[in-house]
Amino acid sequence: MSKSKFIFNIFIYSLGIFITGLGVNLIIRSSFGAGPWDAVAENLSQLTKVELAVAGGFVNLLILAFVVLYNKKIKFLIGLIPIIGIFFAIHFWDIIIFDTYYPDLISLKLLFILSGGVSISMGLAAIIVSTFPAMVFDELTIALMKILKISSFFKTRIMIELFAVVLASILGYLAGIGFGVVGLGTLIISFTIGPLISFQMKWMSLLLGQRRV
């Protein structure tokens, strides 16, 4: 890989993390329901009274620990890179940009959840296309495919997302906020995030002249 391409990939990777952090905040603030794992982080945040980015980082670290222990290889600790990046990206949008703002108008809420879905899928696709370390959920999916002896990545990913919905709901009730940020949007995202990422990867790969899809 040439030096210029390496620098360009770093830019794409960093931009992907930044956009993903925006998407997480947009969906949560739409009040229609956060993404499954974002809902886990938000409801955990409400339960423990810590910032969203801290709760999200903790959840990601637990998953990373599982991946490392299952594979018994230190190289998987490279997954810390996107975890740290997403931590700061979510914190930036949550605390510095949006702060206490939540849209009141239904039209704005719809705009937030639609923009959030596009942002998250675009951000995650950019991270993958950059060829740098992806999110720990991809490694978790592969590990569970081996453990459960499931050949389909897509089916395993849906199972993981639905598990996150259940876990987020439990955390919400423990926090005394009912389902919390788990809503209709959470279920929709559970089934659509995979295809959305795939779509985003296709046009990005074509644009960047790559063949990673």
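The values are calculated or read from the model by the stated rules, or taken from the named source; none is laboratory data. It should be emphasised that the depicted structure is a prediction, and the values quoted were computed from it without experimental measurement. Backbone-built Cβ (ideal geometry, glycine too); neighbour counts: all protein chains shown.
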Worksheet item: Within the range 182-204, which residues are in contact with a Phe, Trp or Tyr (Cβ under 9 Å, 6 or more places away or on another chain) and among the hydrophobic types (A, V, I, L, M, F, W, C)?
Response: Leu184, Ile188
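Conditions tested, residue by residue: (1) at pLDDT 90 or above; (2) touching a helix residue (DSSP H, G or I) at 6+ places or on another chain (Cβ under 7 Å); (3) surrounded by fewer than 18 Cβ atoms within 10 Å (Cβ to Cβ).
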{"position": "Gly21", "(1), (2), (3)": "yes, yes, no"}
{"position": "Phe32", "(1), (2), (3)": "no, yes, no"}
{"position": "Phe87", "(1), (2), (3)": "no, yes, no"}
{"position": "Pro103", "(1), (2), (3)": "yes, yes, yes"}
Worksheet entry | So Met201, is it in contact with a Lys or Arg (Cβ under 9 Å, 6 or more places away or on another chain) and in a helix (DSSP H, G or I) | yes
Worksheet item: In the range 48-72, which residue that is touching a residue at least 24 places away in the same chain (Cβ under 8 Å) and buried (at least 18 other Cβ atoms within 10 Å of the Cβ) is farthest from the chain's Cα centre (by Cα)?
Response: Val67
Worksheet item: When you go through Phe87, Phe112 one by one, which is the residue that is touching a Lys or Arg at 6+ places or on another chain (Cβ under 6 Å) and touching a residue at least 12 places away in the same chain (Cβ under 8 Å)?
Response: Phe112
Item to complete: Mind telling me which of the residues Ser115, Ser152 ends up being among the hydroxyl-bearing types (Ser, Thr, Tyr), over 15 Å from Leu26 (Cβ atoms) and surrounded by fewer than 19 Cβ atoms within 10 Å (Cβ to Cβ)?
Response: Ser152
Worksheet item: How many residues are more than 20 Å from Ile84 (Cβ to Cβ) and without any contact (Cβ under 8 Å) to a residue 12 or more places away in the chain when one looks only at the range 8-47?
Response: 1
Worksheet, complete the sentence: Restricting the range 155-177 to residues that are over 23 Å from Leu110 (Cα atoms) and of a type in the set (Val, Ile, Thr), the one surrounded by the fewest Cβ atoms within 10 Å (Cβ to Cβ) turns out to be Val166
Item to complete: Scan the range 178-191 and give yes if some residue there is on the phi > 0 side of the Ramachandran plot and crowded, with 20+ Cβ neighbours inside 10 Å, otherwise no.
Response: yes
